[in-house]
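The values are calculated or read from the model by the stated rules, or taken from the named source; none is laboratory data. The structure presented is a predicted model; accordingly, all values stated were derived computationally and were not measured. All Cβ positions, even for glycine, are placed from backbone atoms using ideal geometry, and neighbour counts span all protein chains on display. Each accessible area value is taken on the protein alone, full model and side chains, heavy atoms only, with ligands, DNA and RNA left out. Shrake-Rupley method; radii C 1.70, N 1.55, O 1.52, S 1.80 Å.
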Amino acid sequence: MNILVVGGGGREHAIIMKLAESSKVDKLYCTPGNGGISKYAECFTVKATDIEGVVETAKKISADMVVVAPDDPLVMGMVDALNEAGFPAFGPDKAAAIIEGSKVFSKNLMLKYNIPTAGYQVFDNSSEAISFIKKENKFPTVIKADGLALGKGVIIAQNLKEAEDAVNSIMEDKIFGNSGLNVVVEEFLTGPEVSVLCFTDGKTIKPMVSSMDHKRINDNDQGPNTGGMGTVAPNPYYTENVAEQCMNEIFIPTIEAMATENRKFKGCLYFGLMLTPDGPKVIEYNCRFGDPETQVVLPLLKTDLVDIFDAVINENLSELNIEWKNESAACIVIASGGYPIKYDTGIVIDGLNEKGQLDDYIVYHAGTKYEDGCFKTSGGRVLGVTATAAELKNALDKAYSAVKQINFDKMHYRNDIGQRALAYKA
């Protein structure tokens, strides 16, 4: 098969390296890709959001399957366009991708179908939102932009001033553009967070190994939120009992709700969960693989990823037995100094071999380019260094020892990834 993957980050590199293991793959292509991906797939310069360009690229290479990985093109309807052009595509269509594309839609869906989530109100007017927050007078409180905002559209306000600033910056200053025309004001939930990615063909849902993300830039969860500074899998807080509860009260009801709404979801559905004292609740849905969760989940997958994508597209997932390694995985994200606010690019990365890898580890490239015979930084999150082992502690030790073999000017990473997971007591 000729397979085209759309996107250019660490998640796409993880998908491509897993697809490369399949005997069913003849050639891998990616657009726009990055420096590390270019060593495993032929890359094009078409942007991930260029629907027409991606369809033309699929025609040019006679693609047998297209994997649309990022949120923007999914929400814009890229899968619909590919299907219309006759290409089997992995990912939800536009009608289903709204589950991530609109926080208002997803909150209303959960309310309508009794799927456990935080209490909330929706506003299209900033002064009404602020009046409500003043009246409730409960802090912290969570303010979310309705639409996509590069994973940064959620602000946790610790007091009234922070809440007012958040509402005004989203709705009046439009820091997220039209994504902030509506906001969701939500109660703040407490408890361990869990990410669960699931394969689904719209009828059957099969969860992957659970994971734990680390969003803040600095150790001890200090500093601004990022796209994710590291992950571990499995998440020890996600016990068999919790998994069963989530399947019955959240996963199956969500798939059934989407089907009832005439929005059958096919692809990877991501559940961001909070294990509250009142049971598991949904913080957010994503309509695609998480980043950097994918970087710890896919290395633990034993089943051929091509077979899974095929089963999802053809709606026969119930017939496929998906197997996982009984191991742990850890991913440490190496970022550019100054990320997520302001950082330099074009800095030479030392320590990687000609394929952009390290022996005995997996290095997923997120923000890199390959030019002048070397890898250089091209983004805020640069690399995700992943290791697997029988025990989580060993996987973390291996990942950190690999990180120390890599070097570039002003590189930054957290030193405490996985510590919460190691501290878990059953």
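Here's the yes/no breakdown for (1) open to solvent by less than 60 Å² (accessible area, probe 1.4 Å); (2) more than 30 Å from residue 224 (Cα to Cα); (3) among the charged types (D, E, K, R):
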{"position": "325", "(1), (2), (3)": "no, yes, yes"}
{"position": "330", "(1), (2), (3)": "yes, no, no"}
{"position": "334", "(1), (2), (3)": "yes, no, no"}
{"position": "344", "(1), (2), (3)": "no, no, yes"}
{"position": "362", "(1), (2), (3)": "yes, no, no"}
{"position": "369", "(1), (2), (3)": "no, no, yes"}
{"position": "377", "(1), (2), (3)": "yes, no, no"}
Can you work out which of the residues in segment 362-390 that are assigned to a loop (DSSP other than H, G, I, E, B) and more than 24 Å from the chain's Cα centre (by Cα) is nearest to residue 419 (Cα to Cα)?
390
For segment 301-322, pairs from a residue that is more than 11 Å from residue 19 (Cα to Cα) and part of a loop (DSSP other than H, G, I, E, B) to a residue that is open to solvent by less than 10 Å² (accessible area, probe 1.4 Å) and of a type in the set (Phe, Trp, Tyr), with Cβ under 8 Å and 6 or more apart or across chains, are 322/199
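Condition check ((1) under 22 Å from residue 76 (Cα atoms); (2) surrounded by 18 or more Cβ atoms within 10 Å (Cβ to Cβ)) across all residues:
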residue: 7; (1), (2): yes, yes
residue: 14; (1), (2): no, yes
residue: 19; (1), (2): no, yes
residue: 22; (1), (2): no, no
residue: 28; (1), (2): no, yes
residue: 35; (1), (2): no, yes
residue: 40; (1), (2): no, yes
residue: 47; (1), (2): yes, no
Among the residues of segment 282-296 satisfying the criterion of being out of contact with any helix residue (DSSP H, G or I) (no Cβ under 8 Å at 6 or more places or on another chain) and not charged (D, E, K, R), which is least open to solvent (accessible area, probe 1.4 Å)?
296
When residue 262 is run through (1) over 24 Å from residue 327 (Cβ atoms); (2) over 19 Å from the mean Cα position of the chain (by Cα); (3) of a type outside the set (D, E, K, R); (4) open to solvent by less than 50 Å² (accessible area, probe 1.4 Å), the failure sits at (4)
Test: residue 279 is in contact with a Pro (Cβ under 7 Å, 6 or more places away or on another chain), touching a residue at least 40 places away in the same chain (Cβ under 8 Å) and either open to solvent by 10 Å² or more (accessible area, probe 1.4 Å) or among the polar types (S, T, N, Q) (or both)
yes
Would you tally the residues in segment 135-177 being at pLDDT below 90 and in contact with a Pro (Cβ under 9 Å, 6 or more places away or on another chain)?
1
Please go through segment 394-426 and give me each residue that is out of contact with any strand residue (DSSP E or B) (no Cβ under 6 Å at 6 or more places or on another chain), hydroxyl-bearing (Ser, Thr, Tyr) and surrounded by 14 or more Cβ atoms within 10 Å (Cβ to Cβ), ordered by number.
400, 401
In this structure, is residue 118 closer than 30 Å to residue 2 by Cα, in contact (Cβ under 8 Å) with a residue 12 or more places away in the chain and touching a Leu at 6+ places or on another chain (Cβ under 7 Å)?
no
